[in-house]
Amino acid sequence: MVKSKKIFAGIYIYLLLFIMYLPILVLIAFSFTEATNVGVWTGFSFNLYARLFQSKEIMTALGNTLIIAFISAVISTLLGTAGAIGAFYSRKRMVKAIEGVTQIPIVNAEIVMALSLTVLFVFVGSVIFHGQSIFGFWTLLIGHVVLSVPFVYISVRPKLMQLDPHLYEAALDLGATPQKALWKIIIPQIMPGILSGFLLSLTLSLDDFIITAFTRGTGLLNGEGTIETLSTLVQAKIKRGPIPPEMRALTLIIFIVVLLVVVGITLYRNKTRSVKKIRKGRENHEF
Amino acid sequence: MNFKRKYLAIPYGVFLALFVIIPILLIVYYAFSNAGGQLSFDSLVRFFSSTTKLNVLLVSFFIGILNTLLCLLIGYPLAYFLARKQYNTNTVLVLLFVMPMWINFVLRTGATRDLLTWFGINGGQHPYLATMVGMVYNFLPFTILPLYSTMLKLDQSQIEAASDLGANPFQVFTKSILPQSLPGIVSAATMVFMPTMSSYVISDVLSEGKITLFGNSIYLNFSNSQWNDGSFMALIMLAIVGITLLISRRFNKDDFASRGSNLW
């Protein structure tokens, strides 16, 4: 009885896992053949990979995506970390106000956020810039920061709550300036929260379609025409037909990168966990 | 000026005020004004007198609820099996279920559509079936995470006590496991319902434009520069978000914090 339950659970888990990966694996499998549609095999070749790197369109979109993700993640991390630290040491009413507003972009429908930002940019364009369109790289960047900055805030906040307040005071007593104490005492201790906020910002920005589609304008890598990111380019392509064959090759590359990151994080986590365990063991030993 | 730590919150606060609060106020303004900028309830009247728009709202509700139920139905046993030691001891498996979320979402949606087309489930002929498959495929990882974390916290001794005291497996489930995992169910449901209603890409791609959800409708108004109507629909979406939040808050106090920090 127990054993059959266990077998059922195993089948359930691995079957669902297989289904979850099926669309991606099919794309990857057909990245080694040149047919336009998946499901048609016209012989093994690496040509799609060569075509991928020659495709100016895809490379530009990829470059745009990475640039925007990196810049917006850096800005979000700085802004969100500073915000979390500042709010943590503010008065209670202030904290409540800040945290209330922080939750809005997290829970709000992305399309509502995107539309509201567009309305703002149109408004500013027509009122301040005499009807000129201000849509471009900067509006896109602001959109992405709005998307990810609250997540940095909520990643950093729990780390601040775990801080020992006496350490900061001790640093001040020992003659450190508040800035120095902040830099040497608080920042290193909340670093894990800052890092996970940064990673979260990166993934949110890399994946985003709606905000990008609403707030982008002309500029960035391709110089003229609307900014294409990977999401908007893929969307424009798949509206008209199947996923372009070159993008099947790109899927494998993205898959490998994601896999490496996940493996890296798992290893890092296990390492820090075992270090903590050793430390704990030592403490128990000594005291 | 003397440095105080609380000053660090100023840029963050200003940023939120400029790009979160003011835009929402502008939406309210546009929703209740006409193209000329005067106060008017035209958008409201147009929305509630248009059968197409009310239909969109109804279909979005229906698909949102159906998707939430399907995700819970599939995700609940999965999370249970993953969290129980007697079925699974491998925590990497949970990570594997979440990993597809890190591959570009539009690309994944396209991949799902191409796969379904290959299998003969064409979006043009079976728009609802194709859309539902795409929705469940995309939102299942979001249900697994909150469910899994509540399943980890299940009080094992209460479950054992229930069966020792004569409850049959079904009663153990309804009287002990289900009530204990309710917070996870509620936060999973909020993570699926609202984003489904307002989604754009999935319904657009998988139904080949045949199904218009609330998100698609807002997008359409936006691309036709119908700011007032679009803003009014966004306001309705905002109200739905607010209501779902109020409901979920009654069950789960730190719903929001868990939403982001779960991922990493």
Scope segment B:25-58; condition surrounded by fewer than 18 Cβ atoms within 10 Å (Cβ to Cβ) and under 30 Å from B:Pro183 (Cα atoms); matching residues: B:Leu58
Test: residue in segment A:73-95 that is among the basic types (Lys, Arg), over 16 Å from the mean Cα position of the chain (by Cα), under 27 Å from B:Arg5 (Cα atoms) and in a helix (DSSP H, G or I): yes
Among (1) within 12 Å of another protein chain (Cβ to nearest Cβ); (2) surrounded by fewer than 20 Cβ atoms within 10 Å (Cβ to Cβ); (3) modelled with pLDDT of 90 or more - the single one A:Thr77 does not satisfy: (2)
Residue match in segment B:48-55 (condition: more than 13 Å from every other protein chain (Cβ to nearest Cβ), within 21 Å of A:Ser116 (Cβ to Cβ) and touching a Phe, Trp or Tyr at 6+ places or on another chain (Cβ under 8 Å)): yes
Among residues of segment A:30-53, those that are closer than 22 Å to B:Phe119 by Cβ and among the aromatic types (Phe, Trp, Tyr), counted: 3
B:Ala9, sole failed condition from (1) facing another protein chain (nearest Cβ under 8 Å); (2) touching a Lys or Arg at 6+ places or on another chain (Cβ under 6 Å): (2)
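Residue-wise test of (1) in contact (Cβ under 8 Å) with a residue 40 or more places away in the chain; (2) assigned to a helix (DSSP H, G or I).
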residue: B:Met191; (1), (2): yes, yes
residue: B:Lys210; (1), (2): yes, no
residue: B:Ser217; (1), (2): yes, yes
residue: B:Leu220; (1), (2): no, yes
residue: B:Thr244; (1), (2): yes, yes
residue: B:Ser248; (1), (2): yes, yes
Some residue of segment A:36-49 being over 30 Å from A:Phe198 (Cβ atoms), within 27 Å of the chain's Cα centre (by Cα) and more than 13 Å from chain B (Cβ to nearest Cβ): yes
Any hit, segment A:184-192, residues being touching a Ser or Thr at 6+ places or on another chain (Cβ under 9 Å), surrounded by 20 or more Cβ atoms within 10 Å (Cβ to Cβ) and away from every other protein chain (no Cβ under 12 Å): yes
Count of segment A:115-133 residues which are of a type outside the set (A, V, I, L, M), out of contact with any Ser or Thr (no Cβ under 6 Å at 6 or more places or on another chain) and at the interface with chain B (Cβ under 10 Å from one of its Cβ atoms): 3
Boolean, B:Pro141 is at the interface with chain A (Cβ under 9 Å from one of its Cβ atoms) and assigned to a helix (DSSP H, G or I): yes
Any hit, segment B:21-32, residues being in contact with a helix residue (DSSP H, G or I) (Cβ under 9 Å, 6 or more places away or on another chain) and either away from every other protein chain (no Cβ under 11 Å) or among the basic types (Lys, Arg) (or both): yes
Residue ID - surrounded by the fewest Cβ atoms within 10 Å (Cβ to Cβ), chosen from residues in segment A:196-216 that are more than 8 Å from chain B (Cβ to nearest Cβ), assigned to a helix (DSSP H, G or I) and not aliphatic (A, V, I, L, M): A:Phe198
Neighbours by Cβ (under 9 Å, 6+ apart or cross-chain): first from segment A:1-25, under 23 Å from B:Ile103 (Cβ atoms); second surrounded by 14 or more Cβ atoms within 10 Å (Cβ to Cβ) and among the acidic types (Asp, Glu): A:Pro23/B:Asp114
Test: residue in segment A:161-181 that is touching a residue at least 12 places away in the same chain (Cβ under 8 Å), within 11 Å of chain B (Cβ to nearest Cβ) and touching a Pro at 6+ places or on another chain (Cβ under 9 Å): yes
Checklist (1) under 22 Å from A:Ala236 (Cα atoms); (2) touching a residue at least 24 places away in the same chain (Cβ under 8 Å); (3) under 20 Å from the mean Cα position of the chain (by Cα) applied to B:Trp102, failing item: (2)
Single residue of B:Asn122, B:Asn138, B:Asn168 found to be among the polar types (S, T, N, Q) and at pLDDT 90 or above: B:Asn138
Unique match (being closer than 21 Å to B:Ser223 by Cα and within 7 Å of chain B (Cβ to nearest Cβ)) among A:Val112, A:Val146, A:Val107: A:Val112
Candidate set from segment B:81-95 (those that are in contact (Cβ under 8 Å) with a residue 24 or more places away in the chain and facing another protein chain (nearest Cβ under 9 Å)); member that is nearest to the chain's Cα centre (by Cα): B:Leu82
Total residues in segment B:119-132, condition buried (at least 22 other Cβ atoms within 10 Å of the Cβ) and part of a helix (DSSP H, G or I): 2
In segment B:144-167, residue nearest to the other protein chains (Cβ to nearest Cβ) [restricted to those that are among the β-branched types (Val, Ile, Thr) and in contact with a Ser or Thr (Cβ under 6 Å, 6 or more places away or on another chain)]: B:Ile159
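The values are calculated or read from the model by the stated rules, or taken from the named source; none is laboratory data. This is a predicted model, so every value here is computed, not measured. With ideal geometry, Cβ positions are generated from the backbone for all residues, glycine too; neighbour counts draw on all protein chains shown.
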